[in-house]
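Chemist: Before I ask anything, let me first share the structure, which is written out below as structure tokens.
The values are calculated or read from the model by the stated rules, or taken from the named source; none is laboratory data. All values derive from a computational prediction rather than experimental measurement. Note: ideal-geometry Cβ built from the backbone for every residue, glycine included; neighbour counts use all protein chains shown.
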Amino acid sequence: MPKLNTPKRRHARGALAAASALLLALALPFVAHAQKEVPATVSGRITDGERGVPGVTVTIFANDPAQRFRTAARGKTDVDGRFSLTGIQPGRYQILPVAPAYVVAGLMMNYPPGRPLTLLAGEEVKDIDFQMEPGAVITGRVTDADGNPVINEPVTVSPAEQNAGQPRFQFDQRDHATDDRGVYRVYGLPPGRYRVSVGRAGEVGAVSIGRRKLFRRTFHPDAVEQAQARVVEVKTGIESTDIDITVGRALKTYKVAGRFVTADTGQPVPNVSVGYGTIDPRGRRLGGFGAGTVTNARGEFQTGGIAPGRYVVYVMTNQMNNPQEVAEFYSEPTPFEVTDADVAGLVVKLKRGAVVSGVVAVEGVADRAAAAQMLAAVRVHPWVESYRENAAMPGSPMRPVTVGADGSFRVTGLMPGKLRLGTMNDAVKGLTLTRVELNGANVIGGFDVAAGAQIAGVRLVLTYGSAALVGQTTFVNGTLPPGGRVMAAANLTGSTPGTRVSRTVEVDARGYFRIEGLPAGEYEVIVHVFFFNGGPGRARRSEPQRVVLGDGVEAKVAPVIDFNK
Amino acid sequence: MKLPRLKTFAESLAGAVVRTYLARASAALLLLPLLLAPCGAQEQQPAAPQKAQAAPPEAGGSAAATTRPTPPPRSAITGRVVGESGEPVPDAAVTLQPRVFMRIGGGSLPNAASDEAGNFSFEGLDPGLYEIFAMLPGFVVETDSLTGRPLLGPYRPGDNVVVRMVKGGVVTGTVTDGQGQPVAALGVRAVRVRDLDGSTPPSPFPNTGEDRTDDRGVYRIYGLRPGLYVVYAGGYGSSGFMPFASSGDIATFYPSGTRDAAAEVPVRAGQEVSNLDIRMREDPARQVSGTVESPTGTLGEFGAGINLTYASTGMVTGTAFINANATQRSFWIEGVADGEYDLQATSTGRDGVTMASASQRVSVRGADVTGLRLALVPLASASGSLRFEPAAEAGRPAPEGCKAVRASQLPQETLVTAAPEVKTGATAARVFSRLAVPQSATPDAAGAFTVRSLEGGRHRLSVRLFDEALYVRSIQMPAPAAAPPRAGAPRPATTTAASASASREVFDLKSGQQLSGLLVRVAEGAVSFAGTVAPPEPPAGSTPEPPPPFSQLRVHLLPQERERAEDLLRYYEAPVTSEGTFSFKNLAPGRYLVLARPFVVEAGESAPRPTAWETGTRALLRREAESANTPVELQPCQRTNDFVLRFPPK
């Protein structure tokens, strides 16, 4: 069936209509886009500053992880650089011109990429304009000491100066790798000064997981020290050629072997994924990764391709292919160093972790069956803060756990530390985690879990809300500087400590925003302007506005950003 | 296989994970297919355990290119990576993988790098069959020069392997839009759709090379295995910015059209095929969407995959994935051009593909196709046992060299395959199912095996042996459904010689049926029979006939006794090399008729099937063999290597 322009239902504003929408949502919580509203249209122009740029694809996609960034509309600019996209359902989107060889003004490394765009039913949005200029190109050839091409080696182009402005969105996020002739070509670069390098082993260790060749990081033309790198300066639309790199021999790598045992009984732990992390010269942990290694029936592991350096090895407890019972354990990482020989005999001990259990409750829904149906979509996310604070700890987030029909949940294998619990769901709009209780008392910012503790009596309260807030921000005494981002936050006022409803969304280029699924109550709404990496402007905020929301009601706010303040 | 691309795919997703807490869920959805293999955040393991790519051919005979100068320790596979002229190749990445899908999570795939002398070794291996993958960027493992099919494997512990790497093929060209402007950062894929001789590989999941266009619209895909390729730009997963795995551009095949209008480009080792320029067609892109339903309410541990394939060729044009614990089991596939497709969902658990929907035909005509429902049903399996009969036990003498070398490891080193019966000639009307491929298992040490991931329908069981002393004596099906036998229970010991000869390797499976009680009897005393095909001796004084095109011939062995005419285990066929040689191993002793005849691949037919499988061609084969009348009597343990077979006969 084609996307029709015939509305099945007018955009609902009254409480009654919204209530019926609520009923619909409860009846069909798993059906996305069950109702169609009057579609919106979006048009604009893409120029190079003077003339329109033809043939550029413009895409509008859902800014909603549950929608997996589904495309809502897509089209190309005409000979004059104009585009017009139709048939878009109201909602929150990103709009992105797909012009990888160009530098698009104002398009930064935000996620998801593009500019936010909040569309209301039946809107005709005009003048969504973009300006862009051709990017610069750096190209060259990478060869080894014998003059042979270095094939399929990623090439890194990084700004030579620390404060080279904000990182720009890269359309092609995959590496620019050399081809079978050793040739690479990096394009779409903003003008500036860059260092070009290949290889990823340096002062920190590296693991060649697929047993590919591992090269010492080497800068153009042949420098292993960054200070000796020849900086390449590029200008708009200009191609810099012959930026060649000569690398040394592939690094010699070593094997690391050991075993996993349980800390209490010393039993071997088979079929578990082995994780590695690198340690920098200051002793800081630099992320963790699997090496594709799994322990054998005797709990032993062996990983090859490890370059000299300092590492930790640990149990990747959150891997899907682990045996179920491994979820009861955690491991403290075992450090080791590779210098000029294989390493054997490492022992990683699995400790039985703490267990935290409780229930998830849904408030604001009278129908118990509907509440139970909502619970089926909810996952509880545990996060132990010691993971982040202690540099030697694995950085892997723990796996989310499901919630039983009665709302019960159980999180196992927790290492000692401060536990934060969150919830998420991919199907039901309007569920907000409003408070976490432990033995009847509100918890503020997580609670401490001792080694091996058994903690029951946790209650996670989700509040169902059907109110919505639509905002239109006005900018006075100036315009938004490029790179500035605008966020709108709605906070429920008058809450007791430990109880909060706080939601933040991005404000679109027109100053629009829409926050849905809020529980009824009085909210304080503030709009912020801010910049990443100390961008060109100063952070600003609007005067807080208060608004009372009833169930199923959509209210409007009009915050003002004054650039003179 | 261009794995580094996969690696960076995972990497960019991993980067996305950090940025948004909520985005983690969706990024994880996309990552999941990669997690099927034990996967690092930085690099991707060479091949998923299911091993969709590079399945070696099952063509008759065991074409072992294995050399065994000094047997290494029993539990090791050793080898050497060499270049085109035999020089050692250091730093090649070598991966060892079980030949048959193992339980996910059952240990990691060992990998090694070749040393200065090109040597590698894998030690401490359990008995079994293994494949070896060697990777060196830009290079491929040498393949058969006529077909581009792999030459090697599988291997057993104790084998010593020489892996020869040659420069892969290259395809390159420029992609432009409808106005003739270059298209930047667009994915271009080269998909190996046929062997060089035009036959379709047995695996419907072909080798694919991939690149993205640069700012000039130029792409260059290298390291291709020899074969016939179609090249296309755009389509599913071709957009440069992850996690937007689905792009809206419809696929445009070289030179400028649909899949059916695609040119099939021959690519040979070391060859560069240039100017494969593609002008993007600008037809609108549609979406195909729907939901996946599970009878149990849950999906396998590794979620569900949805494949949209071209109805004409079975080639994948779009995929979607649903996380195992997703509550919303909806899917959509973007960038679909108008046309005919087949759509199927499969769900993967620790035992592999455990559930699948029926494949259904989807017509896309000028609009999105929505509301499709794919109902998963459990897949069937066939289990049984392998029984080994030593020569002495069978009451026959056991001459020297006639005994299995490693009887204790025999079951694990046997390949049991269930192939779905495919009606020939009906290809075009058939709905493509990604499960309509032979599924294999290796028995455990006690001889028990289970072939999984089978759809309902007629299947044929075949057994591949790797010890020259062995042959398949019989295959027996469980008793009819009246008294269903217990799982794994062999037939009563009263099996007589008469019933043993009445072997039936064909069985019918109902959808989701867990068939048990298959019995495979393997005996010592096998015959090896090799020789050459030669033109008839010319009468004295006349000029000799030009030799026939040997590579298009196959040699057949048929049971000489008419009463065994329906015993398919006594039919063997083997390809003829370009030098005219042929070789049979693992033959049952007995009296046979030998016949060489041209081998015809039916158009659109995948995986050449043994000629004797069809009743009609089997009768034809017998008529031709009786007319040619070249009988041989093969004694137990006989080794013949100099037989001269005349073609055409007389």
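Chemist: May I ask you to say which residue of B:Ala574, B:Ala565 is of a type in the set (Gly, Ala, Ser) and modelled with pLDDT of 90 or more? Let's see the steps before the verdict.
Modeler: Working: B:Ala565 fails: modelled with pLDDT of 90 or more.
Sole residue among the options that is of a type in the set (Gly, Ala, Ser) and modelled with pLDDT of 90 or more: B:Ala574.
Chemist: From the residues in segment A:336-351 that are surrounded by fewer than 16 Cβ atoms within 10 Å (Cβ to Cβ) and not aliphatic (A, V, I, L, M), which one is farthest from A:Arg399 (Cα to Cα)?
Modeler: Per the criteria, the residue is A:Asp340.
Chemist: When residues of segment A:320-331 are filtered for being away from chain B (no Cβ under 14 Å) and buried (at least 18 other Cβ atoms within 10 Å of the Cβ), how many remain?
Modeler: Result for segment A:320-331: 3.
Chemist: Evaluate segment A:415-432: report whether one residue or more is hydroxyl-bearing (Ser, Thr, Tyr), over 22 Å from A:Arg503 (Cβ atoms), surrounded by 14 or more Cβ atoms within 10 Å (Cβ to Cβ) and under 25 Å from the mean Cα position of the chain (by Cα). Quick ask: steps written out before the conclusion?
Modeler: First, the residues of segment A:415-432 that are hydroxyl-bearing (Ser, Thr, Tyr): A:423, A:432.
Imposing the further condition that a residue be over 22 Å from A:Arg503 (Cβ atoms) reduces the set to none.
So far as segment A:415-432 goes, no, none of its residues is hydroxyl-bearing (Ser, Thr, Tyr), over 22 Å from A:Arg503 (Cβ atoms), surrounded by 14 or more Cβ atoms within 10 Å (Cβ to Cβ) and under 25 Å from the mean Cα position of the chain (by Cα).
Chemist: From (1) more than 9 Å from chain A (Cβ to nearest Cβ); (2) more than 27 Å from B:Pro206 (Cβ to Cβ), pick out the condition that doesn't hold for B:Arg329.
Modeler: (1)
Chemist: Turning to a different aspect of this structure: Just to check your reading of the model, which residue among B:Asp126, B:Asp115 is within 23 Å of B:Thr417 (Cα to Cα) and either in contact (Cβ under 8 Å) with a residue 12 or more places away in the chain or of a type in the set (A, V, I, L, M) (or both)?
Modeler: On the way: B:Asp115 fails: within 23 Å of B:Thr417 (Cα to Cα).
Result: B:Asp126 is the single residue among B:Asp126, B:Asp115 that is within 23 Å of B:Thr417 (Cα to Cα) and either in contact (Cβ under 8 Å) with a residue 12 or more places away in the chain or of a type in the set (A, V, I, L, M) (or both).
Chemist: I've got another one for you. When A:Pro281 is evaluated against the numbered criteria (1) modelled with pLDDT of 85 or more; (2) touching an Asp or Glu at 6+ places or on another chain (Cβ under 7 Å), which criterion, by number, is the only one it fails?
Modeler: Single failed check for A:Pro281: (1).
Chemist: Of all residues in segment A:65-95, how many are buried (at least 17 other Cβ atoms within 10 Å of the Cβ), assigned to a loop (DSSP other than H, G, I, E, B) and at pLDDT 85 or above?
Modeler: Residues flagged as buried (at least 17 other Cβ atoms within 10 Å of the Cβ), assigned to a loop (DSSP other than H, G, I, E, B) and at pLDDT 85 or above within segment A:65-95 amount to 4.
Chemist: Across segment B:136-150, what is the number of residues that are closer than 29 Å to A:Glu153 by Cβ and away from every other protein chain (no Cβ under 14 Å)? If you could, list the steps in order and put the result at the bottom.
Modeler: First, pick out the residues of segment B:136-150 that are closer than 29 Å to A:Glu153 by Cβ: B:136-143, B:148, B:150.
From what is left, the residues that are away from every other protein chain (no Cβ under 14 Å) are B:141-143, B:148, B:150.
Total satisfying the criteria: 5.
Chemist: State all residues of segment A:127-150 that are under 30 Å from A:Pro54 (Cβ atoms) and either surrounded by fewer than 18 Cβ atoms within 10 Å (Cβ to Cβ) or of a type outside the set (Phe, Trp, Tyr) (or both); if no residue qualifies, say none.
Modeler: Within segment A:127-150, the subset under 30 Å from A:Pro54 (Cβ atoms) is A:127-139.
Residues satisfying the conditions are A:Asp127, A:Ile128, A:Asp129, A:Gln131, A:Met132, A:Glu133, A:Pro134, A:Gly135, A:Ala136, A:Val137, A:Ile138, A:Thr139.
Chemist: Scan segment B:354-367 and report the pairs whose first residue is within 14 Å of another protein chain (Cβ to nearest Cβ) and at negative phi and whose second residue is buried (at least 18 other Cβ atoms within 10 Å of the Cβ) and among the hydroxyl-bearing types (Ser, Thr, Tyr), with Cβ atoms within less than 6 Å and a gap of 6+ or a chain change.
Modeler: B:Val362/B:Tyr341
Residue by residue, here is whether (1) modelled with pLDDT under 90; (2) within 25 Å of the chain's Cα centre (by Cα) holds:
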{"residue": "A:Glu337", "(1), (2)": "no, no"}
{"residue": "A:Ala361", "(1), (2)": "no, no"}
{"residue": "A:Ala369", "(1), (2)": "yes, no"}
{"residue": "A:Gln373", "(1), (2)": "yes, no"}
{"residue": "A:Ala376", "(1), (2)": "yes, yes"}
{"residue": "A:Gly395", "(1), (2)": "yes, yes"}
{"residue": "A:Pro400", "(1), (2)": "yes, yes"}
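Chemist: What residue, of B:Gly124, B:Gly178, is surrounded by fewer than 20 Cβ atoms within 10 Å (Cβ to Cβ), over 30 Å from A:Gly188 (Cα atoms) and within 11 Å of another protein chain (Cβ to nearest Cβ)? Show your work before the answer.
Modeler: Details: B:Gly178 fails: over 30 Å from A:Gly188 (Cα atoms).
None of the others qualify; the one that does is B:Gly124.
Chemist: Say we look at segment A:265-288 and pick out the residues that are among the β-branched types (Val, Ile, Thr) and within 11 Å of chain B (Cβ to nearest Cβ); which of these is farthest from A:Val348 (Cα to Cα)?
Modeler: Initially, segment A:265-288 is screened for residues among the β-branched types (Val, Ile, Thr), giving A:265, A:269, A:272, A:274, A:278-279.
Adding the requirement that they be within 11 Å of chain B (Cβ to nearest Cβ) leaves A:272, A:274, A:278.
On the way: A:Val272: 12, A:Val274: 10, A:Thr278: 16 Å.
Among them, the one singled out is A:Thr278.
Chemist: Same structure, new question: Here are some conditions: (1) surrounded by fewer than 17 Cβ atoms within 10 Å (Cβ to Cβ); (2) under 19 Å from A:Val347 (Cβ atoms). A:Ala291 meets all but one. Which one does it not meet?
Modeler: Unmet condition: (1).
Chemist: Does segment A:78-99 hold any residues that are within 11 Å of another protein chain (Cβ to nearest Cβ) and closer than 25 Å to A:Leu480 by Cβ, and which are they?
Modeler: A:Gln94, A:Leu96, A:Val98, A:Ala99
Chemist: Looking at segment A:291-319, which of its residues are charged (D, E, K, R) and within 12 Å of another protein chain (Cβ to nearest Cβ)? Walk me through it before giving the result.
Modeler: Step one: filter segment A:291-319 for residues charged (D, E, K, R), giving A:298, A:300, A:310.
Those that are charged (D, E, K, R) and within 12 Å of another protein chain (Cβ to nearest Cβ): A:Arg298, A:Glu300.
Chemist: Return the residue satisfying two criteria in turn: it lies in segment A:402-414 and is farther than 30 Å from A:Val312 by Cα and more than 14 Å from chain B (Cβ to nearest Cβ), and of such residues it is farthest from the chain's Cα centre (by Cα). Please lay out each step first, then the result.
Modeler: So in segment A:402-414, the residues farther than 30 Å from A:Val312 by Cα come out as A:402-409.
Pick out the ones that are also more than 14 Å from chain B (Cβ to nearest Cβ) and you get A:406-408.
Details: A:Asp406: 32, A:Gly407: 28, A:Ser408: 29 Å.
The residue in question is A:Asp406.
Chemist: Let me ask another. Name the residue, out of A:Ala40, A:Ala62, that is within 14 Å of chain B (Cβ to nearest Cβ), on the phi < 0 side of the Ramachandran plot, out of contact with any helix residue (DSSP H, G or I) (no Cβ under 9 Å at 6 or more places or on another chain) and buried (at least 17 other Cβ atoms within 10 Å of the Cβ). Reasoning before the result, please.
Modeler: Values: A:Ala40 fails: within 14 Å of chain B (Cβ to nearest Cβ).
Just a single option satisfies the conditions, and that option is A:Ala62.
Chemist: Just to be sure before I move on: is A:Arg193 in a strand (DSSP E or B), at the interface with chain B (Cβ under 8 Å from one of its Cβ atoms) and at pLDDT 85 or above in the structure I sent?
Modeler: Numbers: in a strand (DSSP E or B): yes; at the interface with chain B (Cβ under 8 Å from one of its Cβ atoms): no; at pLDDT 85 or above: yes.
Answer is no for this residue.
Chemist: Go through segment B:131-147 and count every residue that is more than 26 Å from A:Arg181 (Cβ to Cβ) and of a type in the set (Val, Ile, Thr).
Modeler: From segment B:131-147, those more than 26 Å from A:Arg181 (Cβ to Cβ) are B:131-132, B:144, B:146-147; that's our starting set.
Those still in the list that are of a type in the set (Val, Ile, Thr) too: B:132, B:147.
The qualifying residues number 2.
Chemist: Being within 29 Å of A:Asp448 (Cα to Cα) and surrounded by 19 or more Cβ atoms within 10 Å (Cβ to Cβ) is the filter here; which residues of segment A:352-373 pass it? Let's see the steps before the verdict.
Modeler: Filtering segment A:352-373 down to residues within 29 Å of A:Asp448 (Cα to Cα) leaves A:352-363.
Scanning segment A:352-373 gives A:Gly353, A:Ala354, A:Val356, A:Gly358, A:Val360, A:Val362.
Chemist: If you don't mind, another one. What tally of residues in segment A:481-515 results from selecting those that are at pLDDT below 80 and crowded, with 18+ Cβ neighbours inside 10 Å?
Modeler: 2
Chemist: Go through (1) touching a residue at least 24 places away in the same chain (Cβ under 8 Å); (2) surrounded by fewer than 21 Cβ atoms within 10 Å (Cβ to Cβ) one by one and return the number of the condition B:Gly297 breaks.
Modeler: (1)
Chemist: Same structure, new question: Test A:Ala121 against the stated conditions and say whether it is surrounded by 14 or more Cβ atoms within 10 Å (Cβ to Cβ), farther than 30 Å from A:Thr246 by Cβ and either touching a residue at least 60 places away in the same chain (Cβ under 8 Å) or more than 28 Å from the chain's Cα centre (by Cα) (or both).
Modeler: yes
Yes or no, residue by residue, for (1) basic (Lys, Arg); (2) surrounded by fewer than 20 Cβ atoms within 10 Å (Cβ to Cβ); (3) out of contact with any Ser or Thr (no Cβ under 6 Å at 6 or more places or on another chain):
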position: B:Arg329; (1), (2), (3): yes, no, no
position: B:Ile333; (1), (2), (3): no, no, yes
position: B:Thr346; (1), (2), (3): no, no, yes
position: B:Arg350; (1), (2), (3): yes, yes, yes
position: B:Met355; (1), (2), (3): no, no, no
position: B:Gln360; (1), (2), (3): no, yes, yes
position: B:Asp368; (1), (2), (3): no, yes, yes
position: B:Ala375; (1), (2), (3): no, yes, no
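Chemist: Still on this structure, I have one more. Being among the β-branched types (Val, Ile, Thr) and either more than 8 Å from chain B (Cβ to nearest Cβ) or closer than 25 Å to B:Val218 by Cα (or both), is that true of even one residue in segment A:182-189?
Modeler: At the first step, the residues of segment A:182-189 found to be among the β-branched types (Val, Ile, Thr) are A:183, A:186.
Subset that is either more than 8 Å from chain B (Cβ to nearest Cβ) or closer than 25 Å to B:Val218 by Cα (or both): A:183, A:186.
Among the residues of segment A:182-189, at least one is among the β-branched types (Val, Ile, Thr) and either more than 8 Å from chain B (Cβ to nearest Cβ) or closer than 25 Å to B:Val218 by Cα (or both), which makes the answer yes.
Chemist: Does B:Glu566 satisfy the condition of being assigned to a loop (DSSP other than H, G, I, E, B) and closer than 24 Å to B:Glu421 by Cα? Working first, answer last.
Modeler: On the way: assigned to a loop (DSSP other than H, G, I, E, B): yes; closer than 24 Å to B:Glu421 by Cα: yes.
For B:Glu566, the condition - assigned to a loop (DSSP other than H, G, I, E, B) and closer than 24 Å to B:Glu421 by Cα - is met.
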